[in-house]
Amino acid sequence: MPPVIPLLPSVSSQSESMWATMRGGPGIRPLGALRAPLSSRSIPSLASAVGLLHLCGHKVPITMTTQAPTFTQPLQSVVALEGSAATFEAQISGSPVPEVSWFRDGQVLSTAALPGVQISFSDGRAVLRIPAVTAAHSGRFSVRATNGAGQATSTAELLVTAETAPPSFLQRLQSSTVRQGSQVRLDVRVTGKPLPVVK
């Protein structure tokens, strides 16, 4: 019986299937074909499983399961005070892992187009964060997930509001006694956001 020699497959893509070619030394005979679902996460474990087989120049067809992107958690609209942070977050599934793109009012969004924006995608979690929003950031934000099986889009609104406070008197009118015909000055101090109009 020939000795067991550790082997690793080389994987290549063909249509919707992936082929792992097993190569070994002289005298190692093929033991047969292996078919199993393959994804980017299963390649390491699959390589370990079949790497000890006595296969020589034998192609092993491995069917890759595909799934169009879906949003298990879509975007939610955000209302944020001017100067505060705003975060959009979505959870996406799909096989192979989708590519993610962000849009604002239909235009492709990037860190160059919107300075300060933070965009990330890891373990199916897509996040867009604006550390300090202004009124100019208000609009419709969309995230699009795309792979070979299809695409999906989720859209939400960002509404930026200014901080408001009702008018308040810091200094009220004070009673005063003056002679007839003389000038009188009455002072008050008020605060509020936006600044109140005093009449």
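Observations, loosely collected:
- Breaking point among (1) open to solvent by less than 70 Å² (accessible area, probe 1.4 Å); (2) assigned to a loop (DSSP other than H, G, I, E, B), for residue 198: (1)
- Residue 108 vs. criteria of a type in the set (Val, Ile, Thr), open to solvent by 80 Å² or more (accessible area, probe 1.4 Å), out of contact with any Cys (no Cβ under 7 Å at 6 or more places or on another chain) and not in a loop (DSSP other than H, G, I, E, B): yes
- Output for region 126-145, where each listed residue is more than 21 Å from residue 162 (Cα to Cα) and of a type in the set (Gly, Ala, Ser): 126, 142, 145
- Total residues in region 144-179, condition among the basic types (Lys, Arg), over 30 Å from residue 82 (Cα atoms) and in a strand (DSSP E or B): 0
- If the condition is being surrounded by 13 or more Cβ atoms within 10 Å (Cβ to Cβ) and over 30 Å from residue 66 (Cβ atoms), then region 143-166 contributes 157, 158, 159, 160, 161.
- Those residues of region 180-195 which are without any contact (Cβ under 8 Å) to a residue 24 or more places away in the chain and assigned to a strand (DSSP E or B), in sequence order: 189, 190
- First in region 120-138 and over 13 Å from residue 87 (Cα atoms), second anywhere and part of a loop (DSSP other than H, G, I, E, B) and open to solvent by 70 Å² or more (accessible area, probe 1.4 Å), Cβ under 7 Å, 6 or more apart: 134/82; 135/82
- Of the residues making up region 73-83, those that are touching a residue at least 24 places away in the same chain (Cβ under 8 Å) and either in contact with a strand residue (DSSP E or B) (Cβ under 8 Å, 6 or more places away or on another chain) or farther than 21 Å from residue 135 by Cβ (or both) are 74, 75, 76, 77, 78, 79, 80, 81, 82.
- Considering residues of region 129-142 that are surrounded by 10 or more Cβ atoms within 10 Å (Cβ to Cβ) and among the hydrophobic types (A, V, I, L, M, F, W, C) only, the residue farthest from residue 193 (Cα to Cα): 141
- In the set (1) in contact (Cβ under 8 Å) with a residue 40 or more places away in the chain; (2) of a type outside the set (Ser, Thr, Tyr); (3) surrounded by fewer than 10 Cβ atoms within 10 Å (Cβ to Cβ), residue 172 fails one condition alone, (1).
The values are calculated or read from the model by the stated rules, or taken from the named source; none is laboratory data. In this text, all values refer to a predicted model and were calculated from it rather than measured experimentally. Using ideal geometry, Cβ is built from the backbone for each residue, glycine included, and neighbour counts are taken over all protein chains shown. Protein only, heavy atoms only, side chains kept; ligands, DNA and RNA dropped before computing areas. Shrake-Rupley method; radii C 1.70, N 1.55, O 1.52, S 1.80 Å.
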